[in-house]
Amino acid sequence: MARSPLDHPNIILINCDDLGYGDLGCYGSKYNRTPFLDKMAKNGVRFTDFYMASPVCSPSRGAMLTGCYPRRVGFGSFEGLLVLFPGQPVGLNTEEITIARVLKQADYATKIVGKWHCGDQPEFLPTRHGFDSYYGLPYSNDMGCQVGAFQYPPLPLLRDEEVIQEQPDQASLTERYVEESVRFIREHKDEPFFLYLAHMYVHLPIYVPWRFLKSSINGPYGAAVECIDWSVGVLLYELRRLGLEENTLVIFTSDNGSRDRSEGGSNAPLRGTKSTTWEGGQRVPCIMYCPGVIPAGITCPELATAMDFLPTLARLAGVKIPEDRIIDGKDILDLMRGIPGAHSPYDAFYYYYMDNLEAVKSGPWKLHISRNRQPVCELYNLEKDIGETADVAGSYTDIVKMLMEKADLIREDIGDAITGVTGNNCRPIGRVANAKPLTQYDEDYPYIMALYDLPYVG
């Protein structure tokens, strides 16, 4: 007997790497063709005020998986670094509860395909965090042995916890990821499943199949975006073919904003890029599609975040979120379904760069309070000035005061390195002894170096 749409729906979470707010056709792109994603948005819900909890990879992914601000789970910084690197002795604590662990309580089959970036030591890998299986790269695709750049060990492709290939041909990886995803869907079509597909695109260096490159009007970047779109089309086709479309929730988003426009990406009309707490660093595309649950043609202007996935998906699966710890994410099912009168559950949202509190948002107002570890006081009305161009702090001192008070509350809760406040409710990052990279460069090993492989620049 087929399950009803709201009875343990299948879940596919697609997360891109460095894809910008303005990189999809349904978000205004004139450079990239994304017909499958545009159709998905037309027939589902498109969020316009959706945020990642960090403007860089590791913290945003850890926050998304745990439903918590990065600092809460020890993911603000990594021994002084922005993100995790090969062989570091730190990663996501195995005591943390991830989306996968929550869904396992409801007997979901769980799998991640693609980029992990929450620690590469065995103790931190996905199979130790509620995922039944893993296929992909444990960190960013530039942390390998590109020609002329041997500062990192060979890039490891993992199956579960085993390295099955060193320095794989990156131009073929997306197709391999799609094949692995389709295989998982077919194997678990008769039971609820959770697939987390974490693309390597559009992180540098960009390698794409020739068929996309030759048709792109936006160079390799546009080709990578169109390859992502193709992958979404394959998965949606497979769901229809198997009769699973009505009770499968598909979520599409990005881990942070895009890089500079000169590299092909766009956060338009937002200000700023990846690695900044301007809107372009953390406000990202988010599309959700499930014909049996989400009405077609919804645009949601309410604030929502990737931290909301955990409590929302728990509700859909019929399980409770952990009660022994603070979870920052909120249940946004009513926003997803377009329920009349539904509003954002957030009183405030906080922008952190590493362990530094840099901005606070409440309603239409966003107050920047620090930048580059220096205090600032800049107020923007995002409803009237989405590009953060007109500082109105001098005209709205009462709003500034209100947002400063909210900043003090989050400092007391999870801290702020700039003001030296530790925070009362932070949990420790995972740590191991005797950490080492998963691979070692061997000058005699015949690594694959594609003919188009060029020294990494930028």
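What to note about this one:
- Within the stretch 372-401, considering residues that are outside any helix (DSSP H, G or I) and small (Gly, Ala, Ser), the one surrounded by the most Cβ atoms within 10 Å (Cβ to Cβ): Gly387
- Looking only at the stretch 166-187, residues that are at pLDDT below 95 and buried (at least 17 other Cβ atoms within 10 Å of the Cβ) come to 5 in all.
- Output for the stretch 164-178, where each listed residue is outside any loop (DSSP other than H, G, I, E, B) and within 24 Å of the chain's Cα centre (by Cα): Gln170, Ala171, Ser172, Leu173, Thr174, Glu175, Arg176, Tyr177, Val178
- Matching option when the condition is surrounded by 18 or more Cβ atoms within 10 Å (Cβ to Cβ), at pLDDT 95 or above, of a type in the set (Gly, Ala, Ser) and touching a Leu at 6+ places or on another chain (Cβ under 8 Å), among Ala317, Ala342: Ala317
- Pairs where the first residue, in the stretch 189-215, is over 25 Å from Gln167 (Cα atoms) and the second is among the aromatic types (Phe, Trp, Tyr), C-beta under 8 Å, 6+ apart: Glu191/Tyr108; Pro192/Tyr108; Phe193/Tyr108; Phe193/Phe184; Phe194/Tyr108
- Only listed residue being out of contact with any helix residue (DSSP H, G or I) (no Cβ under 7 Å at 6 or more places or on another chain) and either at pLDDT 95 or above or under 30 Å from Gln374 (Cα atoms) (or both), chosen from Gly257, Gly272, Gly280: Gly280
- Options Leu438, Leu409; residue that is surrounded by 18 or more Cβ atoms within 10 Å (Cβ to Cβ) and either among the aliphatic types (A, V, I, L, M) or in contact with a helix residue (DSSP H, G or I) (Cβ under 7 Å, 6 or more places away or on another chain) (or both): Leu438
- Taken together, the residues in the stretch 214-263 that are surrounded by fewer than 18 Cβ atoms within 10 Å (Cβ to Cβ) and not in a helix (DSSP H, G or I) amount to 6.
Matching residues to (1) within 25 Å of Gly20 (Cα to Cα); (2) among the basic types (Lys, Arg):
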| site | (1), (2) |
| --- | --- |
| Arg159 | no, yes |
| Glu162 | no, no |
| Arg183 | no, yes |
| Glu191 | no, no |
| Ser215 | yes, no |
| Arg240 | no, yes |
| Leu244 | no, no |
| Thr248 | no, no |
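- For the stretch 414-426, taking the residues that are over 24 Å from the mean Cα position of the chain (by Cα) and not hydrophobic (A, V, I, L, M, F, W, C), the one that is surrounded by the fewest Cβ atoms within 10 Å (Cβ to Cβ) is identified as Gly420.
- All told, Glu191 falls short of being surrounded by fewer than 23 Cβ atoms within 10 Å (Cβ to Cβ) and within 23 Å of the chain's Cα centre (by Cα).
- Count of the stretch 384-396 residues which are free of Cβ contacts under 8 Å to residues at least 60 places away in the same chain and touching a strand residue (DSSP E or B) at 6+ places or on another chain (Cβ under 9 Å): 7
- For Tyr134: the one exception among (1) under 30 Å from Lys214 (Cβ atoms); (2) of a type in the set (Ser, Thr, Tyr); (3) outside any helix (DSSP H, G or I): (1)
- Selection count, the stretch 24-52, where residues are charged (D, E, K, R), assigned to a loop (DSSP other than H, G, I, E, B) and closer than 23 Å to Arg211 by Cα: 2
- The listed residue being surrounded by fewer than 19 Cβ atoms within 10 Å (Cβ to Cβ) and modelled with pLDDT of 95 or more, out of Pro285, Pro311, Pro209, Pro301: Pro301
- Among the residues of the stretch 99-112, those identified as part of a loop (DSSP other than H, G, I, E, B) and out of contact with any Phe, Trp or Tyr (no Cβ under 8 Å at 6 or more places or on another chain) are Gln105, Ala106, Asp107.
- Positions within the stretch 64-97 being farther than 16 Å from Asp120 by Cβ and not in a loop (DSSP other than H, G, I, E, B), in sequence order: Met64, Thr66, Pro70, Arg71, Arg72, Val73
- Among the residues of the stretch 301-352, those that are closer than 22 Å to Gly44 by Cα, in a loop (DSSP other than H, G, I, E, B) and of a type outside the set (Gly, Ala, Ser) comprise Pro301, Glu302, Leu303, Lys330, Asp331, Ile332, Arg337, Ile339, Pro340, His343, Pro345.
- Flag: Cys227 matches the condition of being under 17 Å from Gly25 (Cβ atoms) and not aliphatic (A, V, I, L, M).
- Conditions (1) touching a Lys or Arg at 6+ places or on another chain (Cβ under 8 Å); (2) closer than 25 Å to Val83 by Cα; (3) not small (Gly, Ala, Ser): number failed by Leu310: (1)
The values are calculated or read from the model by the stated rules, or taken from the named source; none is laboratory data. Worth saying up front: this structure is predicted, and the values here are computed from it rather than measured. Glycine gets a Cβ as well: all are built from the backbone with ideal geometry, and neighbour counts include every protein chain shown.
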